[in-house]
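The structure appears below as structure tokens.
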Amino acid sequence: MKNRMIAASLTAAMLALPLAACSSGTGSAGTTTAAGSATTAADGSAVTTAGSATDGDDMTQAVNLVYYLWGDEGVANQDVLAKINEKLKADLNATLEIKYIGWSDVSTKYPLLFTSGESFDMTHASPTAAVSYFTLASQDVLVDITDDLDAVPTLKSTIPQETWDTTKYKDRIYGVPTLYSEFTPYGFAYRTDLLEKYGLSKIDSLDSMEAYMKAVVANEDFAPLNGNTADAVNLYRMFVGSTDQWLTAPGIPEDQLSLVATDASATDIIDPAFTDEFEAWAEKMKDWADQGFWPQDVMASQTSAKDNLLNGISAGYITHMPDWTGNYGAEETSLPGVYVDWWSPTVDNGKIVKKPGVDNSTAISVTSEHPIRALKVIEKFMTDESYYDLLQYGIEGREYEIVDGKVQKPASYNDQTDAYGVSAWSLRSDALNIPLASEDPVRYDLINEWKKTAIASPFAGFTFDPTNVSTELSSIANVNANLGTQLMLGKTQDDVKTAVENYRQQLKDAGVDKVIEEVKTQYEAFKSGN
């Protein structure tokens with residue numbers, strides 16, 4: 001059985017992760033039907049459903065709540081949702097209808113949720129979403145739940161005040177933040193069998209990383225970082241991580257060569273392209289490219305270094321810690337007996353930043369006719385173990401079983417009939433989470449360690465509005481996609497010094513100075529108002 005505290009009256013701080021189930025319910029947001037004055041709870045006990053004079057939620061009314069989630073529906077999601085709805089009907093006189101926005105449509109269809117006029121109740125929200133959580137809060141399309149939290153006392157007390165604070169816009173709360181600790185420093189994942197083969201010690205620096213890749217080039221018939229152009233940004237992340245104090249800053253999106261804060265207090269915000277450190281890194285990347293550390297045709301390659309590692313033709317890949325530990329099962333299957341270790345310059349430099357709770361939040365739409373009931377459903381998913389397990393893992397005995405305290409697929413599992421998946425990032429909780437057998441166990445050791453040592457992001461609660469510099473950002477994106485990518489992969493036509501000078505000039509012509517000033521202006525306004 002599970003060694004977990006039942007979250008009936010949690011008082012300690014916790015945190016959250018994936019959510020995206022299924023459904024084809026026929027109701028719409030706000031649909032109500034008459035119901036009796038009492039129901040039977042999922043555990044068989046009687047539950048009074050008389051209307052509440054304090055929270056305004058008439059529990060005698062059966063409601064169907066529409067929940068929009070990101071991702072695609074698994075073949076067993078309908079069955080799992082039916083089990084969830086049995087419990088919700090008994091406990092809260094409610095049912096849940098889950099609608100999906102496919103991964104390829106998130107950037108276009110998610111914003112339409114808030115402009116189309118469609119009625120729905122809940123959805124995922126984040127400052128990094130296609131439309132920022134804070135932008136949505138400023139547009140009055142999310143319910144201000146600040147005063148409604150008294151209707152969900154367990155949820156209110158379970159989430160620490162400092163976590164609630166990350167969701168505040170003008171001192172009001174518009175979303176329920178995750179209770180799952182998340183840290184995403186980037187680093188280099190590498191094959192320890194090859195390390196031992198070459199008589200090398202553990203990778204713990206750029207120099208030892210380089211020595212490893214040199215040995216791969218000399219002894220194998222594949223490139224050590226056998227990837228594609230996505231590694232340009234990955235290598236840039238390694239560069240930022242290798243500096244003493246720089247932290248990624250808002251402004252230029254993080255899937256490009258982004259801006260940085262010069263320290264943890266964000267004393268200044270700069271574009272690293274205009275520093276000596278950047279030029280030195282570009283020189284190193286040219287040297288690494290010339291040594292064959294990635295394919296000669298990397299600019300045209302379509303396969304990632306991670307996929308190639310799983311196929312046995314890459315010695316490593318660059319990724320963040322959750323992805324590295326999450327690939328443990330796949331790597332065991334693809335490379336039996338091979339352990340893939342990981343090294344991060346960000347970790348070595350003490351720059352681990354805990355993602356704020358607001359980064360994965362559940363928000364309630366102003367089109368919802370039953371926001372209090374929606375909050376009560378959220379409370380169940382985040383504080384009740386039985387609801388949590390159903391949502392996160394599926395039906396026990398079918399989608400999963402627990403062996404030695406870890407979730408794994410049972411022997412009877414059939415991917416064609418039993419596959420279940422939800423992207424329930426917002427509703428995950430440290431207190432209720434069960435480790436997966438497919439995860440590297442070191443994940444939780446690192447999380448527990450980093451909870452003690454992580455630094456606060458200077459940009460927690462701040463969201464950059466790109467409206468005033470949208471033209472400049474588009475131009476900068478083009479510069480980064482071309483010369484920026486070439487510099488990070490050592491594939492420029494000119495010598496490095498000339499290429500860096502050209503890159504800097506192109507950034508200036510694109511308007512990078514205006515973008516930096518806009519970020520600083522908005523950030524100063526944010527700090528003065530908080």
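For the reader, a short list of remarks on this structure follows.
- Hull volume in cubic angstrom per residue (convex hull over the Cα atoms of segment 103-197): 166 Å³
- Full extension of the chain segment joining ALA264 with ASP140 gains 41.4 nm, where the gain is 0.36 nm per residue of separation less the Cα-Cα distance.
- Each peptide in 482-495, 504-517 gets a packing score, the mean of other Cβ atoms within 10 Å over its residues, and the list from highest to lowest is 482-495, 504-517.
- Relative to its residue count, the chain spans a Cα convex hull of 152 Å³ per residue.
- Tensor-based shape of segment 79-136 (alpha-carbon gyration tensor, a/c under 1.5 rounded, otherwise prolate or oblate): prolate
- Given charges at Cβ of Lys, Arg, Asp, Glu: the chain dipole, positive-most of THR108, TYR393, PRO295: TYR393
- For segment 193-277, the direction-averaged projected area of the alpha-carbon convex hull comes to 6.9 nm².
- With the largest listed first and rounded to whole Å, the semi-axes of the equivalent ellipsoid of segment 59-98 from the Cα gyration tensor are 21, 12, 5.
- The relative contact order of segment 342-459, computed from alpha carbon pairs under 8 Å that lie at least 6 residues apart in sequence, is 34 percent.
- Per-bin percent of Cα-Cα distances, segment 227-376 [10 Å]: 9, 30, 30, 19, 9, 3, 0
- Helix 512-528 axis, angle to the chain major axis (alpha carbon atoms, nearest 10°): 40 degrees
- Across the chain, the relative contact order, built from alpha-carbon pairs under 8 Å that are at least six residues apart, equals 24 percent.
- Applied to segment 122-132, the Karplus parametrisation 6.51 cos²θ - 1.76 cosθ + 1.60 on θ = phi - 60° returns per-residue 3J(HN,Hα) values of 9, 6, 6, 9, 7, x, 9, 6, 4, 10, 4 Hz, with x for Gly and Pro.
- Residue-span extension gain [GLN161 to GLU86] - 0.36 nm each, minus C-alpha spacing: 23.8 nm
- Signed unit charges on C-beta, dipole axis of segment 53-209, positive-most listed residue ALA137, ALA151, TYR180: TYR180
- Share of alpha-carbon pairs per 10 Å distance bin for segment 129-185, given as whole %: 21, 51, 26, 2
- Taking amide H as placed 1.01 Å from N in the peptide plane, SER429 has its amide H under 5 Å from the amide H of LEU17, each at least 5 places away in sequence or on another chain.
- Only the Cβ atoms of Lys and Arg (+1) and of Asp and Glu (-1) were treated as charged; on that basis the dipole of the chain about its Cα centre amounts to roughly 620 debye.
- Directionally averaged projected area (convex hull, Cα atoms, segment 357-489), nm²: 14.3 nm²
- Comparing ASN228, LEU194, ALA249 along the charge dipole axis of the chain, the residue lying farthest to the positive side is ALA249, per the Cβ-charge model.
- Each listed q (0.27, 0.30, 0.35 Å⁻¹) maps to a log10 I(q)/I(0) for segment 160-199 from the Debye sum over equal C-alpha point scatterers, namely -0.92, -0.99, -1.14.
- Value at 222 nm in deg cm²/dmol, rounded to 500, when DSSP H runs of n ≥ 4 in the chain each add -39,500 (n - 2.57): -10500 deg cm²/dmol
- Computed on segment 430-526, with alpha-carbon pairs under 8 angstrom and 6+ residues apart, the relative contact order is 33 percent.
- Mean projected area (nm²) of the alpha-carbon convex hull when segment 239-302 is viewed from all directions: 5.2 nm²
- Summarising the amide proton neighbourhood of ALA264: residues at separation of 5 or more, or on other chains, whose placed amide H is nearer than 5 Å comprise an empty set.
- Total charge dipole magnitude, segment 89-174, about the Cα centre, Cβ charges on Lys, Arg, Asp, Glu only, Debye to nearest 20: 220 debye
- Residues whose amide H comes within less than 5 Å of that of LEU65, counting only those at least five positions distant or on another chain, are THR95, LEU96, GLU97 (H built at 1.01 Å from N in the peptide plane).
- Alpha-carbon centroids, segment 276-319 and segment 432-506: separation in whole Å: 16 Å
- Net lengthening on full extension, THR108/THR128 (0.36 nm per residue, minus Cα-Cα): 5.8 nm
- log₁₀ of I(q)/I(0) at q = 0.12, 0.16 Å⁻¹ - segment 312-424, Debye sum with one point per alpha carbon: -0.73, -1.08
- Restricting attention to the chain, close to 70% of DSSP beta bridges with both partner residues there are antiparallel.
- Taking label positions 7 Å along the Cα-Cβ direction at both LYS520 and GLU196, the computed distance is 5.3 nm, reported to one decimal.
- Using only alpha carbons, segment 282-350 has a radius of gyration to Kirkwood radius ratio (Rg to Rh) of 1.00.
Only the coordinates and a few stated rules stand behind these numbers; no lab work does. Owing to the predicted nature of the structure, the values given are computational and were not obtained by experimental measurement. Backbone-built Cβ (ideal geometry, glycine too); neighbour counts: all protein chains shown.
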